[in-house]
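Report on the following structure.
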Amino acid sequence: ANVKALRNASDASVVFVSTVAVQRGFAYHTQVAISKGAVEGMTKALAAELAPHVRVNCVAPSLTDTQLAGRLINTEEKKEAHGKAHPLGRVGEPEDIANTIAFFVI
């Protein structure tokens, strides 16, 4: 993003995407936690730097029903078991993330 252009905006919004693995600490997620942890730090710094004219947020989804998660939820039993571990009571859908991002930018 062009920070100078954002500073001159009157009502802009920026949304970054991270992962719940940064805050929860999952095994075998070291690389993604490192990179997305940096995204979360950048989000906080930019939010402070660009307020009040630019809203800066970060969405950190958990397990989502995508090809990437396919082997983790390749049966209904696995999908149901993972879903029980989440506040929604189900595995997330890509639309959940899209709707959350839309909420922040609209």
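The values are calculated or read from the model by the stated rules, or taken from the named source; none is laboratory data. What you are looking at is a predicted structure, and each value in this text was computed from that prediction instead of being measured. As a convention, Cβ positions derive from the backbone with ideal geometry for all residues, glycine included, and neighbour counts pool all protein chains shown. Remember, those area values only see protein heavy atoms, side chains included, never the ligands or the DNA or RNA. Shrake-Rupley method; radii C 1.70, N 1.55, O 1.52, S 1.80 Å.
Below is a table of values for the structure above.
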| read-out | value |
| --- | --- |
| Angstrom value of the Kirkwood radius, inverse mean 1/r, which spans all Cα pairs in the chain | 15.3 |
| In order through the stretch 90-98: 3J(HN,Hα) via Karplus (6.51 cos²θ - 1.76 cosθ + 1.60), integer Hz, x for Gly, Pro | 7, 6, x, 10, x, 5, 4, 5, 4 |
| GNM flexibility winner over the chain from T43, T30, T19 (Cα, springs under 10 Å) | T30 |
| For the chain, calculated [θ]222 nm from helices alone, where every DSSP H run of n ≥ 4 adds -39500 (n - 2.57) | -14000 deg cm²/dmol |
| Computed FRET value (nearest 0.05) for I34 with T64, which takes r as the C-beta separation and R₀ as 22 Å | 0.60 |
| Between helix 30-50 and the chain: long-axis angle, C-alpha atoms, 0 to 90°, nearest 10 | 30 |
| The stretch 1-49 - percent of accessible surface contributed by carbon and sulfur, probe 1.4 Å | 56 |
| Residues of the stretch 37-106: accessible area per residue with a 1.4 Å probe, Å² | 67 |
| Modelled label reach - D11, point 7 Å along Cα→Cβ, the stretch 38-75 residues with backbone N closer than 15 Å | 52-55 |
